[in-house]
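Trainee: Can you keep this structure in mind? I'll have questions shortly.
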Amino acid sequence: MALRYIRQIGEEVLTRKCREVTEMTPRIRELIEDMLETMYEANGVGLAAPQVGVLKRIVVIDVTGEDPHILINPRIVEQSGEQTGQEGCLSVPGKSGQVTRPNYVKVAALDADMRECELEGTELLARAICHELDHLEGQLYVDKVEGPLQDVNNEEAD
Ligand code: NI
């Protein structure tokens, strides 16, 4: 495993729509392992492949530090409610901003063995899922922020 460089806002790769994964390969397995390691090392709760420069529909999420989720070709199949709260991103270091998201989402995806899986979550997990899936569309939370971006210390970010 290896740490990967986290792309920063302003880099074009963060604005591109990602491609579906059609088969698992050793190279993609390595990418996923590296994404997890990179996310944990950066104290993030989620990371999307374009954030390490790879335009594939892969995200990793772990909002507790001991419950990693790997989502390949994820899509939201249910959502409800609304939450408004502070959000950050490892690609936008030192900033946070207020974003409104669904309070509950259910996502259908493939796992690391390319088996169908589902993940549902509320609150922070729902927020992280929405945030990471946006990355796959080339969208950053800063385009959805309500009010100004704020300066923060190095807290958890996704
Ligand atoms: Ni992000």
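The values are calculated or read from the model by the stated rules, or taken from the named source; none is laboratory data. Remember, it's a predicted structure, so these values are computed and weren't measured experimentally. No Cβ is skipped: glycine too gets one built from the backbone with ideal geometry, and neighbour counts run over all protein chains shown. Remember, those area values only see protein heavy atoms, side chains included, never the ligands or the DNA or RNA. Shrake-Rupley method; radii C 1.70, N 1.55, O 1.52, S 1.80 Å.
Trainee: Starting from the exponent 0.38 and prefactor 2.2 Å, build the expected Rg for the chain from its residue count and divide its actual Cα Rg by it.
Mentor: 0.95
Trainee: Can you return the lysines within cross-link range of Lys95? Criterion is Cα-Cα under 26 Å, with same-chain partners fewer than 8 residues away left out.
Mentor: Those lysines meeting the cut-off are Lys17, Lys56, Lys144.
Trainee: Net charge around Gly10, counting only other residues with Cβ within less than 15 Å of its Cβ (Lys, Arg = +1; Asp, Glu = -1)?
Mentor: That sum, taken over residues with Cβ under 15 Å, equals 0.
Trainee: Report, in debye and to the nearest 20, how large the dipole of the chain comes out about its Cα centre when Lys and Arg carry +1 and Asp and Glu carry -1 on their Cβ.
Mentor: Its charge dipole is roughly 580 debye.
Trainee: Give the residue list of trypsin sites (Lys or Arg not before Pro) in the stretch 1-100 that are DSSP loop and have at most 16 other beta-carbon atoms within 10 angstrom.
Mentor: Loop-located and lightly packed - Arg16, Lys17.
Trainee: Keeping all protein chains in place, calculate the accessible area per residue for the chain (probe 1.4 angstrom), answer in Å².
Mentor: Per residue, the chain has 50 Å² of solvent-accessible surface.
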